[in-house]
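Before any comments, here is the structure.
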Amino acid sequence: MREEDCIALLRQAGSSPGVIAHCRAVRDLALTYASDPLIDRDLVEAGALLHDIGRGVTHDIHHAEVGAEICRSFGLDEAVVAIVERHIGAGLTADECSLLNLLPRDCIPRTAEEKIVAHADNLVKGTRVITLDERLLHAIDLPVGQRRRIYRLGLEVELFR
């Protein structure tokens, strides 16, 4: 999927210029982790560009779930849908989703492409790239299990660079 097509979908879903700029910054960083020939760079690019498509509807934690539904309504590949649905932090377990009033489904990133986009999103605040340590400081109010997952995901994905 081409960048122009992704941007058109973001606009159609009501994304603001700030969200689109953030998605481009996440895409740029994510692609730095996608040099291994086993990584689907096109999937990483599309997933990164569309990961916050749900923010055209809501800016709360539900944006990933809403974004996945928007992507499904556009007929996008389930691999892109999974990236959008699983990009929050380092993912959420079905129990955590349930506690957050989300559908009780496993939203932990599984594929390398899902992990790359989630990690890149963790390291982009607005359009500025931050360190993993900075991200963990911003996540200090999260439960320890979620912070630990963010840290482990960061260590794993950094090996791709």
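Surface composition of the stretch 1-58: carbon plus sulfur atoms contribute 51% of the solvent-accessible area (1.4 Å probe, protein chains only, all chains present). The Rg/Rh ratio of the stretch 2-161, with both radii computed over alpha carbons and Rh defined as the Kirkwood radius, is 0.93. Calculated mean residue ellipticity, 222 nm, the chain: -17500 deg cm²/dmol, from DSSP H runs (n ≥ 4) at -39500 (n - 2.57) each, averaged per residue and rounded to 500.
Taking the protein heavy atoms of the stretch 83-130 in the context of the full set of protein chains, the accessible area attributed to carbon and sulfur is 53 percent at 1.4 Å.
Computed on the Cα atoms alone, the convex hull of the stretch 72-161 gives a volume of 115 cubic angstrom per residue.
With an a/c value of 1.5 or above and a/b larger than b/c for the gyration tensor axes a ≥ b ≥ c computed over the alpha-carbon atoms, the stretch 3-87 is described as prolate. Largest accessible area first, the residues His138, His51 order themselves as His138, His51 under a 1.4 Å probe with ligands, DNA and RNA left out.
The values are calculated or read from the model by the stated rules, or taken from the named source; none is laboratory data. Computed from a prediction, not measured in an experiment: that's the story for all the values here. Areas reflect the complete protein model, heavy atoms only, side chains present, ligands, DNA and RNA absent. Shrake-Rupley method; radii C 1.70, N 1.55, O 1.52, S 1.80 Å.
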